[in-house]
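S.K.: This structure is in structure tokens; I'll ask about it shortly.
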């Protein structure tokens, strides 16, 4: 037996009775954003997902740039860590995830080994927002800031190079990774001393 709905309002009324009245939560996380990426066969990645990664790196620059210079290296380390954790494993961006995590680990280690004894460790909140770091940040010593900032710039430069080399041999991968590498490199401006 087939049932046909002659009036659209009747179908809407039936659907509203079947569907729950409460918002559906993705994987139990309120406010979660789900990205569905459909790739054409034989193509690498997604322009939309590359834009998400680039946007995350640009947001890291804005967030860390709003902080005192002493906290910027560890702030970048923390933001890169958060971004790398958001990249799905077993995806076209797995290499990006690995490279960003490595850069994060290196910069966090650099901050810890050059910790300021005068400034407190603490979580940071971007002014005018509720955006907060996921962990406390370690400030670097002002006495060694020029040298430490150069080392952090070298980590970012190495990260750019690794991303560009990872994309060698694939035109579509090269286009996506070069955009991400450029966004990584744009964070070097935060580490220039006056």
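S.K.: Of the listed peptides 121-133, 48-60, what is their order by residue-averaged count of other C-beta atoms within 10 Å, with the highest listed first?
M.R.: By packing density, highest mean first, the sequence is 48-60, 121-133.
S.K.: Right, something else. I want to make sure I understand the PRE zone here: with the label point 7 angstrom from the Cα of residue 101 toward its beta carbon, which residues in segment 160-194 have backbone N atoms less than 20 Å away?
M.R.: 160-167, 177, 180-181, 184
S.K.: Rounded if a/c is under 1.5, else prolate if a/b is larger than b/c, else oblate: which is segment 139-194, with a ≥ b ≥ c the root eigenvalues of its Cα gyration tensor?
M.R.: prolate
S.K.: One quarter of the convex hull surface, Cα atoms only: what value does that give for segment 94-194 in nm²? Please list the in-between numbers first.
M.R.: Values: hull surface 30.8 nm².
Across all orientations, segment 94-194 yields a mean hull projection of 7.7 nm².
S.K.: From Cα pairs below 8 angstrom and at least 6 apart in sequence, can you work out the relative contact order of segment 45-191, rounded to a whole percent?
M.R.: Computed value for segment 45-191: 30 percent relative contact order.
S.K.: Where does each of 141-154, 73-86 land if you order them by average Cβ count within 10 Å, highest first?
M.R.: 73-86, 141-154
S.K.: Oh, and also: Rounded to two decimals, what is Rg over Rh for segment 112-162 when you use alpha-carbon atoms and the Kirkwood radius? Don't skip to the end; give the middle numbers.
M.R.: Values: Rg = 13.5 Å, Rh = 12.7 Å.
Checking Rg against Rh, the ratio lands at 1.06.
S.K.: What spacing in nm lies between the two simple spin-label points modelled at residue 113 and residue 51, each 7 Å away from Cα in the Cβ direction?
M.R.: Computed distance between label sites residue 113 and residue 51 equals 4.0 nm.
Coordinate-derived values only; no laboratory data. Since we're looking at a predicted model, the values are computed, not measured. Neighbour counts are summed over all protein chains in view; Cβ atoms, including those assigned to glycine, are modelled from backbone coordinates with ideal geometry.
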